[in-house]
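First up is the structure itself, then whatever we jot down about it.
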Amino acid sequence: MCSRPPPSLAPGGKMKKFNIRKVLDGLTAVSSPSPSPQLGSKENELIPETLQSEHFQLCKTVRHGFPYQPSSMAFDPVQKILAIGTQSGALRLFGRPGVECYCQHESGAAVIQLQFLINEGALVSALADDSIHLWNLRQKRPAVLHSLKFNKERITFCHLPFQSKWLYIGSERGNIHIVNVESFTLSGYTIMWNKAIELSSKAHPGPVVHISDNPMDEGKLIIGFESGIVVLWDLKSKRADYRYTYDEAIHSVAWHHEGKQFICSHSDGTLTIWNIKSPAKPIQTITPHGKQPKDGKKPEPCKPILKVEYKTTRAGDPFMIFSGGLSYDTVGRRPCLTVMHGKSTAVLEMDYPIVDFLTLCETPYPNDFQEPYAVVVLLEKDLVVIDLAQNGYPIFENPYPMMIHESPVTSCEYLADCPVDLVPALYSVGSRQKRQGYSKKEWPISGGNWGLGTQSYPEIIITGHADGSVKFWDASAIMLQVLYKLKTAKVFEKARCKEEKPSTEIVDEDPFAIQLMSWCPESRMLCVAGVSAHVIIYRFSKQEITTEVVQLLEVRLQYELNDLESPEGGGDQTPAPPTPSTSPSPQTSGPQTHPSTSSNSSDGMRDNIPCLKVRSSPLKQSPGYQVELVVQLVWVSGEPPQQISSLAINSCYGLVVFGNSNGLAVVDYLQKTVLLNLGTMELYGSNDPYQRQLRSPRKSRQPSGGLCDINEGSATSEDRCKSPTSVLLSVCPPRGSIPLDNRDNSFSRSRSSSVTSIDKESREAITSFYFCETYTRKADGGLTPSLWVGTSLGTVLAISLNMPPAGEQRLLQPVIVSPCGTLNRLKGSVLRMAFLDSTGSLLPSAFEPWYEPNAPANGEERDKVRKRRPVSVSPSTSQELNENQYAVVCSEKQAKVIALPSQTCVFKHNITETSFVLRADVVQMNTGICVACFCANGHIMTLSLPGLRPLLDVNYLPLTDMRIARTFCFSNLGQALYLTSPTEIQRITYSQEVCENLQEMLGELFTPVETPEAPNRGFFKGLFGGGAQSLDREELFGETGAGKAPRSLAQHIPGPGGIEGMKGAASGIVGDLARARIALDERGQKLGEVEERTAAMMASADSFSKHAHEMMLKCKDKKWYQF
């Protein structure tokens, strides 16, 4: 009951009749060589081609996952946007779930600090190369407006007061410079270290580690020096009011909101609390995690407290939150965040080291009660948000797709435009896997707005991981959300300790790592191949079942013809090469119900034993993917099984096929039998084109489990587990053409030096499969089910499949499998095969629609479903007229289109001479189909079908990392992705249409929000002083008051977005008012509201002149972004 999907015809676009004889006309001038047509039969003369080069354009769309190697963090409390900077100069911005953005500093230097211009839609970043940058976040793709590069000073700390345009920058020399954020110029006002400390210390105080202004008096600045000196600096009188000295190095400083006290954290695990008017000694010294000795001595020193925050509440005790400070005897203790609230102290353990943390508060004003409600903790490999308002401090459930790297990604598949019922089906089984115990509140990082994308088709990404897990992700409309997680390791016995590890394992670590995945989305059948030469077949069910015994097949795949003696322990009998008439069957001893007992043979050699032990106890299987069958390759006469290099499943035929460097095996998963088990040479039969030297496996041992087993190069255990594609590669790139780091050296080493001359150690691996109904022989009168096989030496072979009738007979009669010999040969390893009908439309493989496998026992429902035999939609009436098909085959070096049944090559295109293709896919675009290729030299190309005309060739990214080669995949409708770092997925598009619509699909980071009211200070405080003191910073720091800074100190660089930002900088109060009105209009407010607000301000008894001046300063702050 198989269904043939309708051929993928172009939904729109003009059909261009494509004449073979004119194939060379109008070829785009591209660096890659041109296709050479080879004339075949008459049917080829008119083949429609709709795709043109203008349909293609390459651009990055979105990056998902946890920012790799984070280094800093900032939060805008009004816009509710979080920014994270990384050690490679990347900037990731997060708003509400689904709103995220990635930017990159050109220099690639580490981001050491981030500061939002709160509620202004702008961000300042400070980098390790001593440059600062102003980012405009009011556009969907943020851009740098200005940069300033310091030449003589190293930046160590930055501080931008709320609603100020003057940024304080502390340096390694201990000096403080002041930058106007609006013009990005240096003020002449500088605080020199020697003036700040004067005679209080004989030595240099060290770098500036902290700067902040007194919450109640903007004219007073606190400066923390690393050595332990803190200075309270009076900006107006340009001198120090007080100096506070402590004999331990300072890591951070925090104010009480009333501005009368501050707290310092130190390198010996102590916190000191100081009264600003008592510089002699701290009013309190505490060592939160130190053991208190009874004789009144100082407590034992602890680890440094790297950061402290002090937050007040109106109704209760203040919160003191800090990272670090544990005692030195807590060996093996995980990194901790400590929350002290009143008399309670909570120590919250983290999974990874803490990079930074921020306390989220209700108010952006530093001189008001802070009312903290959450803490955002940035860890080296995770982002945790803690709810401070609930007892026990539960964490919020993180809605971002940040745990892609929970276990390292070892393989990846991407399916755009998949069946619409898949995402809901996976979501419904995945929602039951959710953890409990999260905070009940909404995720607090909730800024921005979603894009208005018109892209409506569902997309799914599947990631396979080192721990054997497989994750399904909903990737529709440039978002990413985990749907369901499958743990494949559950079917095996786990060793409790290292001593218990079976000696048969072929990898040192991660024995369950996923190498390959084959998925039939319509039937929902899933097949995975793991690093321990095991294959697991899964069915999808919505009902829970308990499997008493996991079904197991063991397969003995061996390469050598001179080593066919049968092992004593039973198991496979190696057959003679089957002929079409026989039912070929190196049957295993039926589906085994327990792991094989044939172990080490008499001479102590491991033989006929699999690498892993399948569990013998019953297996409870939750709704979702449930094990149907496990297939394991076994050791052969002391030789470990070769890892699996290719895999395919077909639900219509009920078959799974897999191959490695020894040969291939075809398994019938309905009858649980092995149908075919052939060495690569036996596939050729008598006309093997290669002169091979036979060798016995006993002569040389293979490095156990190396993934680079084509020329058996050595690889580290990390490589073995994490570079599955290297087994597929067999053509040598030019020496030195690819810069590769030494971790991935197996990549370049694992390629044989030549295609045609096979040195005696190399083997021909099976590299690709395709199930289809086609012509397997030239004389075929009709279409028959078949399996096409591609090898690492560029050979394409066919195997014909004689299927029993559907229904009960399918389970009783054997499937007859017979090799048909070689069909064609290409340069380089075969990567991908596909089939077109006579009109040039794609012919997808036949499939069986999904049905519930665990339907009730009476079987009515099951019968009903199974009887609903879908109509086999024929691609056109061409089958009756016996018209031809086309096979598309793509190798590492070239692509060919072969007419069937005549088997003549009608088009050939040499993709690359100097490099090799890593990934090739035949993909459906909106207006036709094409071949998409990713080369090791970084080029992404597309070729038309069937004419193989080059349509796109972009030098996108050089292959610097094995990870990219292993995870790069193309999907339909111009989508592609790869892992750009161990924690992040980068999605790109090669479709012009998607590039054009991308701006609409991206979310908005900046949304118009009214800044909250400033805290009311009361009538008398405003009249007679007291309360917060303001400062005319313009008068103090501006050119008139402070003069110009020396030019040699820093160099101003206008950013790409800076010119437009500067256009609006007209002078005078009229310009300021006009700009204020434009800004308010931008925020969607009516001018009437402004006048009402102004009237309210005038009515308040606060000093009006001061307010007017502040308003003017605020307006001035706003002029750089209006464009």
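The values are calculated or read from the model by the stated rules, or taken from the named source; none is laboratory data. Keep in mind that this is a model prediction, so the values were computed, not measured. Every residue, glycine among them, receives a Cβ derived from its backbone with ideal geometry; neighbour counts consider all protein chains shown. Just the protein is used for accessible areas: all its heavy atoms, side chains included, with ligands, DNA and RNA removed. Shrake-Rupley method; radii C 1.70, N 1.55, O 1.52, S 1.80 Å.
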Could you list all residues from segment 402-458 that are more than 21 Å from the chain's Cα centre (by Cα), among the acidic types (Asp, Glu) and under 18 Å from residue 524 (Cα atoms)? 421
Take residue 218 and decide whether it is touching a Leu at 6+ places or on another chain (Cβ under 7 Å), open to solvent by 40 Å² or more (accessible area, probe 1.4 Å) and outside any loop (DSSP other than H, G, I, E, B). yes
Would you be able to say whether some residue in segment 487-507 is modelled with pLDDT of 95 or more, under 30 Å from residue 102 (Cα atoms) and buried (at least 21 other Cβ atoms within 10 Å of the Cβ)? no
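Yes/no matrix, rows are residues, columns are (1) open to solvent by less than 10 Å² (accessible area, probe 1.4 Å); (2) assigned to a loop (DSSP other than H, G, I, E, B); (3) at pLDDT below 90:
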site: 764; (1), (2), (3): yes, yes, yes
site: 770; (1), (2), (3): no, no, no
site: 773; (1), (2), (3): no, no, no
site: 776; (1), (2), (3): yes, yes, yes
site: 785; (1), (2), (3): no, no, no
site: 796; (1), (2), (3): yes, no, no
site: 800; (1), (2), (3): no, no, no
site: 804; (1), (2), (3): no, yes, no
site: 811; (1), (2), (3): no, no, no
Lone qualifier among 177, 210 - being in a strand (DSSP E or B), in contact with a helix residue (DSSP H, G or I) (Cβ under 9 Å, 6 or more places away or on another chain), crowded, with 21+ Cβ neighbours inside 10 Å and not aliphatic (A, V, I, L, M): 177
Scanning segment 101-123 for residues that are free of Cβ contacts under 8 Å to residues at least 40 places away in the same chain and in a loop (DSSP other than H, G, I, E, B), which turns out surrounded by the fewest Cβ atoms within 10 Å (Cβ to Cβ)? 106
Within segment 804-840, track down each residue that is of a type outside the set (Val, Ile, Thr) and under 21 Å from residue 51 (Cβ atoms). 831, 832, 833, 834, 835, 836, 837, 838, 840
I'd like to check something: does segment 235-250 contain any residue that is open to solvent by less than 20 Å² (accessible area, probe 1.4 Å), out of contact with any Leu (no Cβ under 7 Å at 6 or more places or on another chain) and under 29 Å from residue 376 (Cβ atoms)? yes
Please count how many residues of segment 286-315 are assigned to a loop (DSSP other than H, G, I, E, B) and under 43 Å from the mean Cα position of the chain (by Cα). 10
Name the residues in segment 627-647 that are of a type outside the set (Val, Ile, Thr), assigned to a strand (DSSP E or B) and open to solvent by less than 10 Å² (accessible area, probe 1.4 Å), would you? 629, 632, 633, 646
Complete set of residues in segment 406-451 that are of a type in the set (Gly, Ala, Ser) and free of Cβ contacts under 8 Å to residues at least 12 places away in the same chain: 431
Is there a residue being among the β-branched types (Val, Ile, Thr), at pLDDT below 95, surrounded by 15 or more Cβ atoms within 10 Å (Cβ to Cβ) and within 25 Å of residue 965 (Cα to Cα) anywhere in segment 462-472? no
Would you confirm, using the coordinates I've provided, whether residue 482 is open to solvent by 10 Å² or more (accessible area, probe 1.4 Å), over 30 Å from residue 119 (Cα atoms) and of a type in the set (Val, Ile, Thr)? yes
Being within 20 Å of residue 177 (Cβ to Cβ) and in a strand (DSSP E or B) is the filter here, so list the residues in segment 124-135 that pass it. 124, 125, 126, 127, 131, 132, 133, 134
Scanning segment 62-100 for residues that are assigned to a strand (DSSP E or B), hydroxyl-bearing (Ser, Thr, Tyr) and open to solvent by 10 Å² or more (accessible area, probe 1.4 Å) gives 71
Using beta carbons and a limit of 8 Å, which pairs, at least six apart or on different chains, have the first residue in segment 932-952 and closer than 19 Å to residue 991 by Cβ and basic (Lys, Arg) and the second one at pLDDT below 95 and open to solvent by less than 10 Å² (accessible area, probe 1.4 Å)? 949/23; 949/35; 949/49
When you go through (1) within 30 Å of residue 430 (Cα to Cα); (2) modelled with pLDDT under 50 one by one for residue 582, which number turns out not to apply? (1)
Leading residue by the ranking (surrounded by the fewest Cβ atoms within 10 Å (Cβ to Cβ)) among those in segment 319-349 that are out of contact with any Ser or Thr (no Cβ under 8 Å at 6 or more places or on another chain) and among the β-branched types (Val, Ile, Thr): 331
Are any of the residues in segment 441-451 farther than 29 Å from residue 646 by Cα, open to solvent by less than 80 Å² (accessible area, probe 1.4 Å) and modelled with pLDDT under 90? yes
Residues 185, 156: which one is of a type in the set (Ser, Thr, Tyr), closer than 25 Å to residue 121 by Cβ and open to solvent by 30 Å² or more (accessible area, probe 1.4 Å)? 185
Kindly evaluate residue 9 against the criterion of being out of contact with any Asp or Glu (no Cβ under 8 Å at 6 or more places or on another chain), open to solvent by less than 10 Å² (accessible area, probe 1.4 Å) and either at pLDDT below 95 or more than 23 Å from residue 940 (Cα to Cα) (or both). no
Verdict on residue 919 being open to solvent by less than 30 Å² (accessible area, probe 1.4 Å) and charged (D, E, K, R): no
Which pairs have Cβ atoms under 6 Å, sit 6 or more apart or on different chains, and link a residue in segment 796-811 that is without any contact (Cβ under 8 Å) to a residue 40 or more places away in the chain and under 20 Å from residue 676 (Cβ atoms) to one that is among the small types (Gly, Ala, Ser) and surrounded by 15 or more Cβ atoms within 10 Å (Cβ to Cβ)? 798/786
Pair list, Cβ under 7 Å, 6 or more apart: segment 639-655 residue free of Cβ contacts under 8 Å to residues at least 12 places away in the same chain and under 22 Å from residue 791 (Cα atoms), other residue part of a loop (DSSP other than H, G, I, E, B) and of a type outside the set (Asp, Glu): none
Would you check if there is a residue in segment 48-70 being at pLDDT below 85, out of contact with any helix residue (DSSP H, G or I) (no Cβ under 7 Å at 6 or more places or on another chain) and at negative phi? yes
Does residue 350 satisfy the condition of being of a type outside the set (Lys, Arg), without any contact (Cβ under 8 Å) to a residue 60 or more places away in the chain, farther than 25 Å from residue 1015 by Cβ and in contact with a strand residue (DSSP E or B) (Cβ under 9 Å, 6 or more places away or on another chain)? yes
Count - residues of segment 427-440 that are surrounded by fewer than 18 Cβ atoms within 10 Å (Cβ to Cβ), part of a helix (DSSP H, G or I) and either modelled with pLDDT of 85 or more or in contact with an Asp or Glu (Cβ under 9 Å, 6 or more places away or on another chain) (or both): 4
